[in-house]
1. Got a sec? Which residues in region A:458-478 would a label at A:Arg407 touch, if it sits 7 Å along Cα→Cβ and we count backbone N under 20 Å?
2. Check cross-link reach from B:Lys47 to the lysines: straight Cα distance under 30 Å, and skip same-chain residues fewer than eight apart.
3. Hey, got the average number of other protein chain Cβ atoms within 10 angstrom for residues in A:468-479?
4. When only Cα pairs under 8 Å and 6 or more residues apart are kept, what is the percent relative contact order across region A:411-466?
5. Let me check I've understood the local charge: for A:Ser409, count other residues with C-beta under 9 angstrom from its C-beta, Lys and Arg +1, Asp and Glu -1. What total comes out?
6. Identify all lysines with a Cα-Cα distance to A:Lys339 below 21 Å; exclude those on the same chain that are fewer than 8 residues away in sequence.
7. Let me check against my output: what whole-number percent is the relative contact order of region A:290-413, with C-alpha pairs under 8 Å and at least 6 apart?
8. Run the simple label-point estimate for A:Asp104 and A:Val290 please: 7 Å along Cα→C-beta, distance reported in nm.
Amino acid sequence: MTADLPGTSEFDRWRRTSPFAIVFFVRGTIEQIRIYGQLLATFGLAFLLVRARELAGELIPVAILLIIAVAVLRYWFFRFRITGDRILIRQGVVKKTALDLPLDRIQAVNIQRSLTDRLLGLVTVSVDTAGSGAVEAVIPSVKRAFADRIRAQVAAARRERLARRAEADPSAEGVAIPTGDQRRPSRLADEALAGEAPDGRPARQLATDDPSPGEVMMKLPPGDMVRIGVRMLGEGPVGVLPLMFLARDPRDLLRYFAGQLGYLEPISREEVPHDLVSDLAELIVRAGFVAAVLAFFAVLGIYGAFKTYFGFRLYRTGAAYRTRAGLFTQHEVVVQSVKVQQVTLSQNLVDRCFRRFRMTAQPVSDDAEVLEVPLIGANMAEGLRAELFGSEGGGLTLLPQSRAMVRVSAAFIGALTVKIAAAPALSIPTIGLLFTGPSAGWAQFALIWVLVWTLAGAVIALQRWRRWGYVHDDDGIAVRSGFVARKVEAFLFRKVQSATVKQSPLQRLKGLATLEMQLAGESVEVPYIDHRAACRLRDYILYKVESNARWH
Amino acid sequence: MGSPGIPDFTKAETHNPGPFANPEVRPGSLPRAATLDWQPLHPRYAKRLQAGALIRIGVLAAVVAAAHVTVLLAGFETLSRIAVWPLRILWALCALGGAWAVVKPLIVVPRCGYAVREKDILYRSGVLWRAVRVVPFSRVQHTRTDSGVLDRRFGLANLTVFPAGAGGHKIPGLGTDTAENLRAYVSERIEAEKLEAADTGS
């Protein structure tokens with residue numbers, strides 16, 4: 001199958017990457033010696049400046065030359081090759097490393113284009129493999145054709161495997177490729193095509209600087225960069241606002257309360273000089289200060305947004321989804337819908353004002369790159385979720401405001417309140433008791449202290465409880481959580497790796513339980529649901545897992 | 001593989017799931033974790049935990065004793081006066097820790113257990129905060145048995161099964177033979193599941 005693909009010979013011999021990859025290796029070398037560099041910075045630099053200032057002029061160029069020399073050596077010893085069924089990489093100057101990646105273990109082929117790469121029309125390819133702690137191969141500054149070649153070959157290997165299986169067992173679920181008509185592939189074969197050229201064009205035609213990577217599903221105009229940048233403030237505005245209402249000098253406030261409780265000599269409010277005009281003036285100054293702080297971070301955020309997401313585009317080729325974005329370094333991530341473990345939609349306070357969300361799709365391994373759509377509307381998000389899940393999970397929703405969401409038991413509020421408040425509410429008065437002994441002042445303080453903490457705990461717990469929710473259908477589940485921000489994680493039951501039912505003493509008393517579902521990426525919890533329901537759902541998940549071996 | 005026993009849910013239920021209402025599954029088709037006879041951990045595991053904890057407490061006690069002797073011999077009056085209470089607290093901690101080290105395993109170990117079924121392996125743990133974890137064989141990537149110095153001394157081994165993604169699930173305190181047999185069984189099951197997966201197309 002791979003033999004008929006064009007250009008096999010071009011990469012089927014030991015090659016070095018472009019000499020411009022030296023830039024990449026310089027960066028890598030600096031990254032590697034940074035830890036030592038920090039030590040040098042603290043001790044060596046001080047030594048240089050104090051003792052041997054004249055040496056610095058020689059040592060620094062020598063160090064730079066050394067780094068470049070190491071980078072050149074590393075470039076020289078870095079060789080790669082694609083054979084019929086694997087990628088081979090040999091690298092290392094002193095410690096030789098041989099990386100041997102079978103194509104069918106490759107989960108994703110991602111592309112980064114640094115500024116030098118883009119000027120020269122080159123790409124840096126990184127290959128994700130399955131499994132945790134997996135080796136990731138990075139091949140810097142190669143021709144675009146190389147990436148296309150790997151993708152095509154990975155897809156071909158997969159297609160071949162599927163075809164073999166279909167041949168061996170024509171009744172196999174989902175792989176029934178009509179034998180007479182190879183040009184109408186089934187959904188799975190369609191997935192196999194993922195990452196290959198659209199319309200079945202041979203990969204070589206794609207080997208231009210910027211080939212068409214498929215159908216554009218969405219793009220973000222520069223205006224949205226501003227939105228993303230402001231979004232990066234997150235809950236910041238809420239955090240900064242109290243600055244406005246802080247006392248002139250926090251120590252005054254502390255002394256005032258301490259005085260009231262009899263711990264210190266009391267001071268009266270009158271001793272703190274103030275009048276209406278100066279108060280007003282100060283309020284304005286503070287408001288200005290808060291606005292300036294927010295503006296500063298907003299500008300930083302907007303710069304970051306432009307840098308990372310400028311020209312964001314989401315493409316679809318078959319069942320592969322591809323994002324491409326970046327101002328200087330262009331980053332490209334390809335994720336196939338079969339590989340997606342869970343889909344997450346999150347919305348913080350700023351997003352909520354814009355009525356937008358951030359969406360991510362986590363592929364198989366947790367160190368693989370995540371497909372991220374930084375700004376997405378509700379309809380588009382639901383559409384993309386439906387596409388990623390295919391025919392399954394029709395009853396799920398990603399929207400946190402959805403009425404389908406079922407709340408967890410209200411016992412959660414009490415439990416979380418106790419969890420938050422118990423330690424601080426009890427410990428500080430106890431310590432106080434040890435030092436001062438029981439007194440009226442202590443009792444008053446302890447009462448207020450416990451009340452304040454309980455109240456704060458209850459408010460936080462109530463808000464957390466309001467966020468928790470879930471909705472499930474026969475195929476999957478969507479779980480909503482959050483505090484100020486909202487997040488919905490959705491996945492299909494057959495993607496679950498292991499399931500745990502947990503019960504705290506309180507939960508046992510009330511017949512409740514927490515269900516934890518571990519996925520390849522991360523685990524998702526549904527707290528405080530009926531114990532029997534949790535067990536039933538757990539058993540159902542196991543049943544789905546066991547009756548459906550496909551999870552990546 | 002066809003789809004034997006896949007429940008026939010109506011779409012109406014799909015959109016209004018209620019609190020995990022999940023009916024219409026044929027009773028025989030579902031694996032049930034509730035009615036299982038749990039295998040206890042090896043009886044020596046409690047002793048092994050006691051030994052481990054006592055060794056740690058012993059090291060702590062040695063440090064405290066060294067500090068105490070130093071304070072007494074150093075001859076600084078203020079220092080020995082200040083150090084009285086901290087030293088008493090540390091000694092009390094050692095005593096409490098020692099008692100806890102003896103008692104805790106006796107409470108915890110009998111309440112832990114594992115169960116192996118045709119399709120998955122279960123481990124339950126916890127006294128107050130209880131958990132039952134299930135790992136289906138079809139998702140296990142690899143397995144590992146290990147035993148530290150103390151484990152070997154007590155003739156014990158730990159079995160860890162690794163699904164994809166985050167770290168493995170450990171079943172501690174198995175007899176060496178049990179652990180090895182279990183590992184062999186799990187590996188066998190993984191292979192069987194892989195073959196099945198190959199049939200259905202992974």
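No lab work stands behind these numbers, since they all come straight from the coordinates. All figures in this text were calculated on a predicted structure; none of them were measured in a lab. Here Cβ is always computed from backbone atoms with ideal geometry, including for glycine, and neighbour counts include all displayed protein chains.
1. Hits in region A:458-478 for A:Arg407 at 20 Å: A:458-472, A:478.
2. The qualifying lysines are A:Lys502, B:Lys104, B:Lys170.
3. Averaged over the peptide's residues, the number is 3.
4. Relative contact order, region A:411-466: 61 percent.
5. +1
6. A:Lys339 reaches A:Lys495, A:Lys544, B:Lys194.
7. It comes to 15 percent, rounded to a whole number.
8. Between A:Asp104 and A:Val290, the simple spin-label model gives 6.2 nm.
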